[in-house]
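What follows is a single structure, written as structure tokens, with notes after it.
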């Protein structure tokens, strides 16, 4: 039966609610566990290495599978896969909370990561489908806000649950909210509306890409402790490079590739993904380095440090939806450029911070960076999803999430190494430890300024490309293969 306009509006609202709840849960579980690790070690008689794998197993599975899941949904339907992901995430959250041993907890966290990969890969896609033909900036802004809220609230909520109950509650709290989201999506999200595809899924490509991304993510994680010259890290990076070459070779030879390489001929898509990686690399530097500056440089308490750091994520979260409305009115790309420019300014200001800056000096600099992030995130997500063809929204949503995850993973290792090296060099000059921390912060944010400066130049390049006149609506869509597997003539206008 045909839905009325009012019924469609109600359905869209409920779909957005379900996707936002799922996005919040999957984001929370990337950060909520860390604060409970000491308690888990004691309660389950776990080693420190096992505690690390409680976090690492989740992130490795998410990073490895997020693109493959996005593509799988395009071929076999988003609703079916999303419901499976919600059910798996909820069930494994319960099993995590009931874990009798550390090894069981690690295994359940890996399966929970599989469910989270589905939620992260498809949330933006199903909301884009629900708002198809409409300005979706405000809706995608809400999803972006949920990502920021999850990261910001994770440590705080984890601490509250840990003090009021036990570490088990950190996982079990997901169950009722997961079931609620599952029910909402089941009732209101329609099934597949475009023509069913007859293509075969590229399982070899998915396996190779998963192993490749897993090698890279594991290398970046181990590099934080062992350094980039470690034989293990170099071996993993070599495996990742070999995996990329094998993946490219495979994708050129299959009828229905996991990742149609033609889409990267679209300059806007390719550059936007690269900018996302750079932006999130820098943001992980902010998240990683500034707590050391506040606690060891300014000598603030852990509570005050946590509160000050959470202000940045809250600023981004609160601005995400209004920024989506701005993107609807003025266009996504100009707002993005302003956001990245503000991040450049904020990083340069942060490179001048001193241990006498105080709360006001720190908050001012952090606010500039996070306002810039808000102006970048939502317009970037909106532009990417609105330009995606219906048959590729799952894939593009997965690529967006992958860019964010790769940036955060790379930033934790790269920016952490830069900071530690700068502090060590400063310490050799005989300065006090707070002064060494200050010098390390200065050097790290000069590097961050250079990275985000490159991102700004790339954003300007996208603006220049988009100013070129187009003669066909197909010119602005993400390229897709024709029946012969080649780009159509229309698609070549926006190709590099």
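The values are calculated or read from the model by the stated rules, or taken from the named source; none is laboratory data. Because the structure is a prediction, the values reported are computed rather than measured. Cβ coordinates were reconstructed from backbone atoms using ideal geometry, including for glycine residues, and neighbour counts include every protein chain displayed.
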Qualifying residue in segment 325-332 (condition: surrounded by fewer than 19 Cβ atoms within 10 Å (Cβ to Cβ) and closer than 23 Å to residue 284 by Cβ) | no
Picking from 221, 156, the residue that is assigned by TED's automatic domain parsing to the domain that holds residue 114, at pLDDT below 80 and surrounded by fewer than 22 Cβ atoms within 10 Å (Cβ to Cβ) would be 156
Being touching a residue at least 40 places away in the same chain (Cβ under 8 Å) and not in a helix (DSSP H, G or I) narrows 335, 369, 353, 396 down to just 353
Would you check if residue 269 is assigned by TED's automatic domain parsing to the domain that holds residue 382, more than 14 Å from residue 216 (Cα to Cα) and either out of contact with any helix residue (DSSP H, G or I) (no Cβ under 7 Å at 6 or more places or on another chain) or assigned to a helix (DSSP H, G or I) (or both)?
-> yes
Answer yes or no: is there a residue in segment 370-386 that is farther than 24 Å from residue 23 by Cβ, surrounded by fewer than 24 Cβ atoms within 10 Å (Cβ to Cβ) and either in contact with a strand residue (DSSP E or B) (Cβ under 7 Å, 6 or more places away or on another chain) or modelled with pLDDT of 85 or more (or both).
-> no
Scan the helices (runs of 4 or more DSSP H) fully inside segment 18-113 and keep the ones with 2 or more residues being surrounded by 20 or more Cβ atoms within 10 Å (Cβ to Cβ), assigned by TED's automatic domain parsing to the domain that holds residue 146 and in contact with a helix residue (DSSP H, G or I) (Cβ under 9 Å, 6 or more places away or on another chain).
-> 48-76, 78-97
Residue in segment 159-169 that is surrounded by the most Cβ atoms within 10 Å (Cβ to Cβ), counting only those that are over 23 Å from residue 311 (Cβ atoms) and either touching a residue at least 24 places away in the same chain (Cβ under 8 Å) or not assigned by TED's automatic domain parsing to the domain that holds residue 22 (or both) | 167
Subset of segment 214-258 (residues that are free of Cβ contacts under 8 Å to residues at least 24 places away in the same chain and not in a helix (DSSP H, G or I)) | 229, 230, 252, 253
State the number of residues belonging to segment 116-137 that are at pLDDT 75 or above and either part of a helix (DSSP H, G or I) or outside the structural domain of residue 86 (by TED's automatic domain parsing) (or both).
-> 15
Scan segment 293-306 for residues that are modelled with pLDDT of 80 or more, part of a helix (DSSP H, G or I) and surrounded by fewer than 18 Cβ atoms within 10 Å (Cβ to Cβ) and report the count.
-> 2
